[in-house]
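Enquirer: My structure is below; once you've seen it, I'll send some questions.
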Number of protein chains: 2
Amino acid sequence: MWLWSATEDRALNVLLIILILLVVTRAFGELAERARMPALVGELVAGIILGFLLQTFQHLTPSIWFAANSEIFDGLAELGMFFLMLLVGIRMEPLDFARSSKSAVLIAVGGMVLPMCIGFVFGQVVLPESDLKNAQSLFLGVALAITAVPVAVRIFMDLGALESRVAKVVIAAALWDDVISLFLMALLLATIGSQAAGTFSVDTMLPVVGNVLLFFAITIPVGLYVFPQIIRWFRHLSFPEVEFSMMLIAALAYAVLAEALGLHQIIGAFMAGMFFHPNVVEQHVYDRVEQQMSGITRGFLAPIFFVSVGFHLDFSAVAQAPVFVIVLTVLALISKLVGSGVPARWAGFSKRDSLVVGIGMSGRGAVELVIAGVALEAGLFLQPDPPGAIVGSLFSAIVIMAIVTTVATPIALRFLWRR
Amino acid sequence: MWLWSATEDRALNVLLIILILLVVTRAFGELAERARMPALVGELVAGIILGFLLQTFQHLTPSIWFAANSEIFDGLAELGMFFLMLLVGIRMEPLDFARSSKSAVLIAVGGMVLPMCIGFVFGQVVLPESDLKNAQSLFLGVALAITAVPVAVRIFMDLGALESRVAKVVIAAALWDDVISLFLMALLLATIGSQAAGTFSVDTMLPVVGNVLLFFAITIPVGLYVFPQIIRWFRHLSFPEVEFSMMLIAALAYAVLAEALGLHQIIGAFMAGMFFHPNVVEQHVYDRVEQQMSGITRGFLAPIFFVSVGFHLDFSAVAQAPVFVIVLTVLALISKLVGSGVPARWAGFSKRDSLVVGIGMSGRGAVELVIAGVALEAGLFLQPDPPGAIVGSLFSAIVIMAIVTTVATPIALRFLWRR
C-alpha cells in the first residue's frame, strides 16, 4: 500500500508510528482494564508484540521501522519517563507519611530491606565477574525492593476495601517504600553514572554517596521552604497556564541539578512533584495541574514509554536463561511476601491479613520500568563483553518480573479476599 | 562555571536549554501580559533575544548552542505546532458560525479576499523570478489574510466590551476567516509540498487542488458523522485518560491523512480539533480535555515553538530590505482595515465602529507564526539561490509583521474605545 511504502516523508512516518503505537497500546490497555489489570500491563504487552512484529517484518516496512528507532521516538520515551515520575511525585502527599502508623513503617522497612538484600546477594552469586557486577547487583536489589502504590490503591479500590485497616496499612507502607526507593534509586543511578570509571570501591563510592546526599540536602529544604513562597507568588502572575509552567520549571530545575550531580533526571522530576501538594496550593490549582499532567502523561507519553520498554524485551535472551528469569520472579514474590508479611504478623494482623499485606506489596508497576529503562540506556547490561546468558537477559528478566508481579497481585488478592 | 562547560552530558544540556527557554519566555510573556499584550508577543521577543545571545556567545556555551540546534529541540517545536493547531481547533465552536450574522460573513470575506489579493500581487511585483515565486506570492497572500480570533477576543475582553455588537461581529468574522484561511493554508501547504517538482502551472496545480478537496471530502463527513459515534462509545472504555487519548488519536489520524495527501500535519490537527466541541461531548468532558490540551500547549510546547520562531529571525536580513519589511507591514494593516472596515460600513456600522472592526481584524497571532514556520521548514525561502535581499528577509518580515499587527491592534483599539 502506498501509505506503507518506503516514502521519503519523515514527518508522515513519525506521525504514523505514533498513531499506530497509541491505538494499539490503548486497545491493549483497555483489554487489561477489562480483565481488571492495570492498563500498564496491557500497554507493555502491546509493546512486546509490536516490537516483535516490527522487527520481524522490518523489511516490509523499512521506513516505519526506521521511525520507530529514530531519535524522536527515543525523545518521546525519555519525555515519558520525566512526566511519569513527575506525576508519581505530584500524586504523593507527604503529609500522609505523618499520619501513617508504626506498623506501616515496620512493614515498609521489612518489605524494602529484605528484597534489597536478597536481590543484591542473588546478583553477587549468579552474575559473572565484570566492572559492572556490583552495580548490576545493586540494580537487582532496587528492582526487587520497589512497590507500586497505584497498583495497591487500585486493587483495594476494585475490592471495595479501600477503607479497611489492611488496605490503609498497605498503601501507607507502599508510600514509604516509594520514598526509600527514591533514595536507593538515586544511589543506583549515581553509581551507574560513575561506573564509567569502571571501579566500585570505597574511594569511588564516597563521592557518589556525597552527591546523592548533596542532592537531597538542596532539594528538600528548597521544596519545603522556597516552593511555598514561589507558589504564593503565582497569583500575581498572569501569563497563560502559570501553574503548569511553574511546576514544569521546578521539575526541570531539579532534573538539571540531578543530572549535574551525576544522578538521573527522573529523580529530580519525582522530587519536584512531591513538594507540589494540596497543602501548599489551593485545592483547585492542585486538581487542575494534576489533571493536566495526567492527560499528557497517562494519555500520551506513558503509553509510548511502556511500549518502548516492551520493544526492548528480548525473548531469545530469556530463552537462554530461563531458570534465572523464573528464580528472579519467585524471589521477587517471596521476598516481598516475607519481608512485609512477617512484620505485619508481628504488628498484630491476622494470618490472612498478613498474607494480604505481603501480596499487596508485590506489585511493581511503572517506577520499576522507568528504572529498568534508565539502566538499559546507561549501558548497565553491556558488561562483561560478551555479556553471557544471564546479563544478556537481565533487562528482559526485570520486565517479565514486573509484569508477573503486577498481574499476580490482583488475582491473588481477589482470591484471598473472597474466602 | 561547571554547569556551562562543554560537558558530554547530552541529557543535561537538553534539560538545561529547555529550562532556560521556559523561564525566559514565561518571564517575557508575563511582561507582555502586564503591558496588556498577548503573552505570545513577549515569548516571540524572548526568542529573538535568546537566539541573538546564543548565536553571539556560542563559543562560550558550545554545548548549549548545540542542544538548541538539536533534533530534540526541533521535535519539540514541531510538537508545539501540532498541539497549538489542535488547541485552536478545539476552542473553535462550529455552531458559532450558524449564529453569525450576514454582516459578519461579509466582513470576513472582505477581510480575507482583499489582503489575499494584495499579498499575492505584491509578491508578484517585488519577488525575484524563481521556481518558487508563485508559491512565495501565495504565502504572502495567506500571511496577510490571517486574523487571530484569540487576539480579538482578548482585546474586547480587556475593554469590557465583549458583549457589544461590534465585538460580536469582529469575533464571528474572525472565526470565519480562520476557517477560510484553513482552506487557503491547505492549498498553500500542498503547493509548497508539490514545489519539489519546481513548476507552478495548471497541470501541477490540479492534483494539488484535488488533494486538498479530497482531504476535506474525507475529514468533514468523518468529523460530522463518525466522531460523534466514537465519542458516544467513550463511556464504555475504561483505560486511563480515554478522552485525551482519543482526541490525540483523531488528530494524529487526520495529520497522517494530511501528510499522505501532501498537506501539512497542522491542517489535520486543526481539523480534528474543530469537530470536538461541547455539542458532541458532555460539557465536563470537553472542559477536561480543553484544560489538559491547554496545559501542555500553552504551558510548555507553544512557548518553545514561539521561541524557535524568534530564533530564526534574522536582523541582518531585515537590514538589507528595510523598505520591503515596512511596506509589507503597512499593507497588512491597511488591507485588513479596508477589506473588513468598508463592508462593515456597508452593513450599517457607524464610521467609528467600522474603524474598530477594521482594526480588530488586524491581529495575526499564533496561526500566522505556525504557517511561517512551516514555510521556512519546507524551504520556501531558498529560491532563487542566492535568494537576494527580499526573499532572504521574507521569513523575518512576516514575523515582524505579525508582532507589529498584534501589538498595534490592542493599542489602537484602546485609544479608539476611550474616545
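What follows is calculated from the coordinates using simple rules that are stated; it is not laboratory data. Values in this document were obtained by computation on a predicted structure and should not be read as measured data. With ideal geometry, Cβ positions are generated from the backbone for all residues, glycine too; neighbour counts draw on all protein chains shown.
Enquirer: When only C-alpha pairs under 8 Å and at least 6 residues apart count, what is the relative contact order of segment A:2-69, in percent? Walk me through the numbers before you get to the answer.
Expert: Values: 54 pairs, mean separation 28.0, N = 68.
It rounds to 41 percent for segment A:2-69.
Enquirer: Considering the Cα trace of chain A, what is its radius of gyration and what is Dmax, both in angstroms?
Expert: 21.3, 67
Enquirer: I need the per residue convex hull volume for segment B:44-129, using only the alpha carbons, in cubic angstrom as a whole number. Can you show the working numbers first?
Expert: Details: hull volume 15.5 nm³, N = 86.
Each residue corresponds to 180 Å³ of Cα convex hull volume.
Enquirer: Give the residue from B:Gln55, B:Leu40, B:Asn13 lying farthest towards the positive end of the charge dipole for segment B:2-69; charges sit on Cβ (+1 for Lys and Arg, -1 for Asp and Glu) and the dipole is referred to the Cα centre.
Expert: B:Leu40
Enquirer: A further question on this structure: Only four residue types carry charge here, +1 at the Cβ of Lys and Arg and -1 at the Cβ of Asp and Glu. Report the dipole size of the protein assembly as shown about the Cα centre in Debye, rounded to the nearest 20. Could the numbers behind the result be given before it?
Expert: On the way: 46 positive and 56 negative charges, 544 e Å.
Dipole of the protein assembly as shown, to the nearest 20 debye: 2620 debye.
Enquirer: In the protein assembly as shown, with Lys and Arg counted as +1 and Asp and Glu as -1 at Cβ, which of these residues, B:Ala148, B:Val121, B:Val105, has the Cα nearest the positive end of the dipole, that is, farthest along it?
Expert: B:Val105
Enquirer: Here is a further query. For segment A:54-193, what is the charge dipole size about the Cα centre, in debye to the nearest 20, if Lys and Arg each add +1 at the Cβ and Asp and Glu each add -1 at the Cβ?
Expert: Details: 7 positive and 11 negative charges, 106 e Å.
That gives segment A:54-193 a dipole magnitude of about 500 debye.
Enquirer: Run the helix sum for chain B: -39,500 (n - 2.57) per DSSP H stretch of 4+ residues, divided by residue count, reported at 222 nm to the nearest 500 deg cm²/dmol. Don't skip to the end; give the middle numbers.
Expert: Numbers: 20 runs with 319 residues, N = 419.
Calculated mean residue ellipticity at 222 nm is -25000 deg cm²/dmol.
Enquirer: By counting other Cβ atoms within 10 Å of each Cβ, how are B:Val330, A:Val45 ranked from fewest to most? Display every interim value, and only then the final one.
Expert: On the way: B:Val330 12, A:Val45 22.
Fewest to most other Cβ atoms nearby, the residues stand as B:Val330, A:Val45.
Enquirer: Moving to a separate point now. Give the cross-link partners of B:Lys336 among the lysines, using a straight C-alpha distance below 17 Å as the criterion and excluding same-chain residues fewer than 8 apart.
Expert: B:Lys351
Enquirer: Further, regarding this structure: With just the Cα atoms defining each centre, how far is segment B:51-81 from segment A:315-392? Give it in Å.
Expert: The distance from the Cα centre of segment B:51-81 to that of segment A:315-392 comes to 41 Å.
Enquirer: Then there's this: Tell me, how many Å apart are the Cα centres for segment B:120-178 and for segment A:111-126?
Expert: Answer, in whole Å: 66.
Enquirer: Which one of A:Gly160, B:Val338, B:Pro387 is farthest out on the positive end of the charge dipole of the protein assembly as shown, using unit charges on Cβ (Lys, Arg +1; Asp, Glu -1) and the Cα centre as origin?
Expert: A:Gly160
Enquirer: Normalised by the empirical 2.2 N^0.38 Å for globular proteins, what value does the Cα Rg of the protein assembly as shown take? Please report the intermediate quantities before stating the final value.
Expert: Working: Rg = 28.6 Å, N = 838, 2.2 N^0.38 = 28.4 Å.
Rg over 2.2 N^0.38 Å, computed on Cα atoms: 1.01.
Enquirer: Specify whether the C-alpha gyration tensor of segment A:116-243 places it in the rounded, prolate or oblate class, a ≥ b ≥ c being the square roots of the eigenvalues: rounded for a/c under 1.5, otherwise prolate if a/b is larger than b/c and oblate if not.
Expert: On the way: a/c = 2.93, a/b = 1.26, b/c = 2.32.
Cα axes put segment A:116-243 in the oblate bin.
Enquirer: Let me ask something additional. In Å and from the alpha-carbon atoms only, list the Rg and Dmax of segment B:308-419.
Expert: 16.2, 51
Enquirer: Please give the net charge around B:Ser238, taking every other residue with its beta carbon less than 15 angstrom from that of B:Ser238, where Lys and Arg add +1 and Asp and Glu add -1.
Expert: Values: positive: A:Arg26, A:Arg34, A:Arg36, A:Arg154, A:Arg298, B:Arg235; negative: A:Glu30, A:Glu33, A:Glu43, A:Asp158, B:Glu241, B:Glu243.
Value of the local net charge: 0.
Enquirer: Could you give the length gained on full extension between A:Gln283 and A:Ile411, defined as 0.36 nm per residue of separation minus the Cα-Cα distance, in nm? Numbers along the way, then the final one.
Expert: Working: separation 128, 0.36 × 128 = 46.08 nm, distance 3.50 nm.
In short, 42.6 nm is gained.
Enquirer: Averaging sequence separations of C-alpha pairs under 8 Å and six or more residues apart, then dividing by the length of chain B, give the relative contact order as a whole percent. Walk me through the numbers on the way to the answer.
Expert: Values: 605 pairs, mean separation 111.6, N = 419.
Computed over chain B, the figure is 27 percent.
Enquirer: Also: Under 10 Å from the Cβ of A:Leu87, count the other residues' Cβ atoms, weight Lys and Arg +1, Asp and Glu -1, and hand me the total. Don't jump to the answer; show the numbers that get you there.
Expert: Numbers: positive: A:Arg91, A:Arg298; negative: A:Glu290.
Here the charged neighbours net out to +1.
Enquirer: Now, a different point. From other protein chains only, count the Cβ atoms within 10 Å of every residue's Cβ in A:243-249, then give the mean. Intermediate values should be presented prior to the final figure.
Expert: Values: counts 2, 9, 10, 4, 3, 8, 7.
So the per-residue partner count for this stretch is 6.
Enquirer: For B:Arg26, what charge total do you get from the other residues with a beta carbon under 14 Å from its beta carbon, if Lys and Arg give +1 and Asp and Glu give -1?
Expert: Numbers: positive: B:Arg34, B:Arg298; negative: A:Glu241, A:Glu243, B:Glu30, B:Glu33, B:Glu43.
Here the charged neighbours net out to -3.
Enquirer: Treating the point 7 Å from Cα along Cα-beta-carbon as the label, what are the nm separations from A:Asp74 to the other copies, to one decimal?
Expert: 1.5
Enquirer: Suppose every Lys and Arg Cβ carries +1 and every Asp and Glu Cβ carries -1, with no other charges. What dipole size does chain B come out with about its Cα centre, to the nearest 20 debye?
Expert: Numbers: 23 positive and 28 negative charges, 349 e Å.
Here the size comes out at about 1680 debye.
Enquirer: Taking every pair of Cα atoms in segment B:2-69, average 1/r, invert it to obtain the Kirkwood radius, and report Rg/Rh to two decimals.
Expert: On the way: Rg = 13.3 Å, Rh = 12.6 Å.
Result: Rg/Rh = 1.06.
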